[in-house]
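Take a look at the structure set out below.
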Amino acid sequence: MTTIIILSCNKDDDNVITLTFPDFVTKKFSMVISGDILGSVRASTSNNANINYAIISQQPSGAVRINPNNGDLIVEDFTLLNSNTDTSVVLEVRASANGLVETATITIQVEGVEDIDGDGVLDTIDSDIYNPCSPDQNQDFTDYNPNNRIWKISDCDADQISNGDEISEGTNPYNADSDGDGINDNIDPERLNPCFPEQFPGYANYDPINPLWLDADCDQDGVINSTELMDGTDPYTNSDCPLYYINTSIWEGSLKVQTLIGNELFDVLGPITGNAECGELVLIGDILSFGDCENPPTTTIKLEQFVPNVKEGRVIVESQNYDCTTPPDIINSLVDGTYTEESKTIRVKLQIMSSGFTFTSEILITPLN
């Protein structure tokens, strides 16, 4: 410590102005991160003048910076302070006031740790000791140090939620979709509810290995999602329909059927009704307008998604009887038709073989209301 004394230039003023700036050694910190305030250097003057602070030198260079107005020592590069062994940073700091200048030696001490970044990998084998998210880990990883400050401020699953906040909320810091419902945590209104938001039948963007999702029952049919997967049923509908089959209930009930002749549509006289089954629709009624059916014929059409989790696909009518005449006519698809859930439209070109001749008819099917 040095004390500088300066005498007032006023002959009537007997006050002596002094600037005192002591050396000091900090306590031993256990872990520091960039932005931490480690403490404040304090010089004093006998007349309480404003003091300005500056770092003259430090070893290693660039470890800390100083607030020139209040002497706060702030971590600039945490990698220079954290190590496997005890670390010291030695600063020469200048204080100036009233034309006086004084220096002090400041020693900052940091205790060594075996795993600087808290990722559960000892620094002796860690390829990046200051990156808590390297190496990548799977969603079941739990060997991290939840109290490590470097680990806590990081975001290892890149979901815009820090590891520390994930621990506080009970979500998974190594899985951007903690509940496995296909909605990332940063936009999921219920991050630990794999069945919210509700999804449509055939939904397939879930994570089939996520334990929260597997143990849930998203269609509330008393069968958990994992069992539905094993059974090949849809965890998002309480029917027994095989997984990925579409929900044909769109066309359940009264239907409007039109025949396309040239570029014109003509209504088929009803009534025509639809019974929805697993990926199939049973049409009851004279969809071909034969007009001489003793009993309403039934025609079964199959609907298949082009790919899972889309709302359109192909329509197939396999060869079957069309019971309007004796012997019965035969009806099937000339080519695969199409359906779209958005417009609730089924379009299919049918081939009819009747009493030695064959003709085709293209029909459109939509709900009546």
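Using 18 Å as the cut-off for backbone N distance, which residues of the range 261-276 belong to the label zone defined by a point 7 Å from the Cα of PHE359 along Cα→Cβ?
Flagged as within label range: 261-270.
Based solely on its DSSP helices, what 222 nm [θ] is calculated for the chain when runs of n ≥ 4 H residues each add -39,500 (n - 2.57) and the sum is averaged over all residues, nearest 500 deg cm²/dmol? Please list the in-between numbers first.
Details: 4 runs with 23 residues, N = 369.
Result for the chain, helices only: -1500 deg cm²/dmol.
What is the calculated FRET efficiency for SER83 to SER57, with r their C-beta to C-beta distance and R₀ = 35 Å, to the nearest 0.05? Show your work: numbers first, answer last.
On the way: r = 21 Å, r/R0 = 0.59.
Approximately 0.95, to the nearest 0.05.
Please rank PHE357, PHE78, PHE24, fewest neighbouring Cβ atoms within 10 Å first, as an exposure proxy.
Values: PHE357 7, PHE78 20, PHE24 14.
If I rank by nearby Cβ atoms, fewest first, I get PHE357, PHE24, PHE78.
Calculate, for GLU92 and ASP143, the FRET efficiency according to 1/(1 + (r/R0)^6) with r their C-beta to C-beta distance and R0 35 Å; round to the nearest 0.05.
Working: r = 42 Å, r/R0 = 1.20.
With R0 = 35 Å, the Cβ-Cβ based efficiency is 0.25.
Taking N as the number of residues in the range 248-367, what value does Rg over Cα atoms divided by 2.2 N^0.38 Å take?
1.01
Got a sec? How would THR248, THR171, THR79, THR124 order by Cβ neighbour count within 10 Å, fewest to most?
THR124, THR79, THR171, THR248
Quick one: among ALA49, ALA63, ALA158, which has the greatest mean-square fluctuation in a GNM of the chain with alpha-carbon springs under 10 angstrom?
In this elastic network of the chain, the residue with the biggest mean-square fluctuation among ALA49, ALA63, ALA158 is ALA49.
Would you pull out the residues with amide H under 5 Å of THR345's amide H, same chain only if 5 or more places away, H placed 1.01 Å from N?
THR340
At 10 °C and 1.306 mPa s, what whole-number value in µm²/s does Stokes-Einstein give for the translational diffusion of the chain, with Rh from the Kirkwood sum over Cα pairs? Please list the in-between numbers first.
Working: Rh = 27.8 Å.
This corresponds to a translational diffusion coefficient of 57 µm²/s.
Can you tell which of ASN172, ASN145, ASN163 shows the greatest fluctuation in a Gaussian network model of the chain with Cα springs below 10 Å?
Sorting by GNM fluctuation, first place goes to ASN145.
Would you calculate the volume per residue, in Å³, of the smallest convex hull containing every Cα atom of the range 149-214? Show your work: numbers first, answer last.
On the way: hull volume 4.8 nm³, N = 66.
Spelled out: Cα convex hull of the range 149-214, divided by residues, is 73 Å³.
With viscosity set to 1.306 mPa s at 10 °C, what whole-number translational diffusion coefficient in µm²/s follows for the range 45-102 from Stokes-Einstein and a Kirkwood radius over Cα pairs? Walk me through the numbers before you get to the answer.
On the way: Rh = 12.6 Å.
The diffusion coefficient I find is 126 µm²/s.
List the lysines whose Cα lies under 24 Å from the Cα of LYS311, skipping any in the same chain that are fewer than 8 positions away.
Cα-Cα hits under 24 Å: LYS256, LYS302, LYS344, LYS349.
Could you tell me the calculated FRET efficiency between ASP72 and ASP165, based on Cβ-Cβ distance and R0 = 30 angstrom, to the nearest 0.05?
Values: r = 27 Å, r/R0 = 0.89.
Computed FRET efficiency for ASP72 and ASP165 comes out at 0.65.
Principal axis extents for the range 284-337, Cα atoms only, whole Å, descending order, please.
Dimensions of the range 284-337 along the principal axes of its Cα atoms: 42, 16, 12 Å.
To make sure I understand, if each residue's beta carbon is the centre and we count other beta carbons within 10 Å, what order do ASP336, ASP126 fall in, fewest to most? Let's see the in-between values first.
Details: ASP336 14, ASP126 19.
Sorted ascending by nearby Cβ count, the order is ASP336, ASP126.
Report the gain in length on full extension from SER249 to THR340: 0.36 nm times residue separation, minus Cα-Cα distance, nm rounded to one decimal.
Details: separation 91, 0.36 × 91 = 32.76 nm, distance 1.30 nm.
Length gained between SER249 and THR340: 31.5 nm.
If amide hydrogens are placed 1.01 Å from N in the peptide plane, which non-local residues have theirs closer than 5 Å to the one on THR233?
Here the answer is LEU243, since their amide H atoms fall under 5 Å of that of THR233.
I want to verify the translational diffusion coefficient of the range 2-110 in µm²/s; compute it with Stokes-Einstein, Rh as the Kirkwood radius over Cα pairs, at 4 °C and 1.567 mPa s. Kindly include the intermediate steps, with their values, before the conclusion.
Values: Rh = 14.9 Å.
This corresponds to a translational diffusion coefficient of 87 µm²/s.
Would you kindly state how much longer the chain becomes between THR366 and SER46 on full extension, computed as 0.36 nm times their sequence separation minus their alpha carbon distance, in nm to one decimal? Please list the in-between numbers first.
Numbers: separation 320, 0.36 × 320 = 115.20 nm, distance 9.32 nm.
Gain on extension, THR366 to SER46, equals 105.9 nm.
Could you compute Rg(Cα) / (2.2 N^0.38 Å) for the range 95-205, with N its residue count?
Numbers: Rg = 21.1 Å, N = 111, 2.2 N^0.38 = 13.2 Å.
Relative to the rule-of-thumb radius for its length, the range 95-205 sits at 1.60.
Can you tell me which of THR299, THR26, THR233 moves the most in a GNM of the chain? Springs connect C-alpha atoms under 10 Å apart.
THR26
Over the residues of the range 311-369, compute the C-alpha Rg and express it relative to 2.2 N^0.38 Å. Let's see the in-between values first.
Working: Rg = 13.0 Å, N = 59, 2.2 N^0.38 = 10.4 Å.
Normalised Cα radius of gyration, the range 311-369: 1.26.
Every read-out reported here was derived from the displayed coordinates using simple, explicitly stated rules and does not represent laboratory data. Since this is a predicted model, take the numbers as computed values, not measurements. Virtual Cβ from ideal backbone geometry, glycine too; neighbours counted across all protein chains shown.
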